[in-house]
Amino acid sequence: EYHFDDWYYKKRIEGNLESFKDSASTFKYTDSPEYEDFKLFLQIAKELGVEVLVITFPVNGPWYDYIGIDASQRNAFSTKINEIVKEAGVKQVDLT
């Protein structure tokens, strides 16, 4: 149902599924200090002449819904990352 590999499900989820329900519902993708870290990384890479390729990939939507991170929060994350990447002028492959 949530598309986990069997080994991961058995090790991390099995027997504890209910405890994950809405466990991340208070997390806000748009309010994370890591965005500033990411901007700083891109700035330093540019200053050092490092060519950066940012690859964004889709997350497990059904699982994120279950843990309380809905599609609007996931889309906000993608939008914010795309804006940061564009502002920094680095290459990106967006698979979301």
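Rule-based calculations on the coordinates, nothing more; no lab input. Because the structure is predicted, anything quoted here is derived from the model rather than measured. All Cβ positions, even for glycine, are placed from backbone atoms using ideal geometry, and neighbour counts span all protein chains on display.
See the values below:
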read-out: Listed values (1) 16.3, 49; (2) 22.8, 58; (3) 13.4, 39, entry calculated as Rg and Dmax of the Cα atoms in Å; value: (1)
read-out: Sites Lys91 and Trp63, calculated FRET efficiency, Cβ-Cβ separation with R0 22 Å, nearest 0.05; value: 0.15
read-out: Aspartates and glutamates whose Cα lies under 18 Å from that of Lys39, excluding same-chain neighbours fewer than 8 positions away; value: Asp31, Glu47, Glu51, Glu83, Glu87, Asp94
read-out: For segment 26-94, size of Cβ-based charge dipole, Lys and Arg +1, Asp and Glu -1, in debye; value: 120 debye
read-out: Phi-based couplings in Hz for segment 37-42 (Karplus 6.51, -1.76, 1.60; Gly and Pro marked x); value: 4, 4, 4, 5, 4, 5
read-out: Per-residue HN-Hα couplings for segment 43-49 [Karplus 6.51, -1.76, 1.60; θ = phi - 60°; Hz; x = Gly/Pro]; value: 5, 5, 4, 4, 4, 8, x
read-out: The chain: relative contact order as a whole-number percent, Cα under 8 Å and 6+ apart; value: 40 percent
read-out: Interchain or long-range residues, amide H under 5 Å from Val54's placed H; value: Lys91, Gln92, Val93
read-out: Order by protection proxy (mean Cβ within 10 Å, highest first), peptides 35-48, 7-20; value: 35-48, 7-20
